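The structure appears right after this line, and notes come after that.
Only the coordinates and a few stated rules stand behind these numbers; no lab work does. What you see is a predicted model; the values in this text were computed from it and never measured. As a convention, Cβ positions derive from the backbone with ideal geometry for all residues, glycine included, and neighbour counts pool all protein chains shown.
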Amino acid sequence: MTTASLAAAIPAIFMPEPERIPPAIHTPASADAADESSDAESVRLMLRVKDGDERAFEKLVEMHQNAVIGTVYRMLGSVDDAHDIAQQVFVRVWRSAPRYEPTAKFTTWLYTITRNLVFNETRRRGRRKEVSMEQESEDDPPKHFVDHSVPGADENLAKAEFHDALDRAIAALPEKQRMAVILRGRQDLPYEEICVILKMSLPALKSLLFRARNDLRKHLERFLGEGE
């Protein structure tokens, strides 16, 4: 498969991004076994891709596309850019396959590629700290409207307002803080894996996340009670 034919094929594989991506849910230790199993399957597929197996590549894209698209969307604030960059990520995966060696978790390798492309894009466009999360394009997910005649509508509206405010607060973080928060809070990656992806020591990462969380707390004061 050539790079051109690969780029043409990937959009057909991608599924649309959900209207709202829920926060990552922290699960019990049993989830660690499932995570290990998923990574083993990803490595197995990637080794088949290394041998030129196109069907294995399609399965790999299907497994990881939503996570990559969601991460890029939260970094750049654009559905179109998220799909474009995600396509580039998987083109890189295919082109790098002959040199692939399973020396780390597959997701670590995948998110490192994602990080490089996202950071290149933000720098290319000369983005500053704040990235607009406004959804004005007709191609973007629709804004949330609540029917106040429905029981619990006020609570649903409050939740929607909080999540919108949280998205804007995350978008306003500096580039590396934003990526760390997304990988930790949304994709639920362990600290050690994020350290590798962002090329940081564990103390430096924890300090980065501490500053990010303080900034987020300031942006969300009106939603949070004391001690939250």
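Below is a table of values for the structure above.
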item	result
Furthest towards positive pole of dipole, 163, 200, 210, structure part the stretch 153-219, Cβ charges	200
Segment residue 161-residue 188, length gained on full extension (0.36 nm per residue, minus Cα span)	7.4 nm
Within the stretch 153-219: Cβ-based charge dipole about Cα centre, in debye rounded to nearest 20 (Lys, Arg +1; Asp, Glu -1)	400
Stretch gain in nm, segment residue 81-residue 196, where the contour uses 0.36 nm per residue and the Cα spacing is subtracted	38.9 nm
Extension gain (nm, one decimal) between residue 116 and residue 207, 0.36 nm per residue minus Cα-Cα	30.6 nm
Order of 202, 45 under a 10 Å beta carbon neighbour criterion, fewest first	202, 45
Inter-centroid distance (Cα atoms) of the stretch 33-88 relative to the stretch 172-201, Å	18
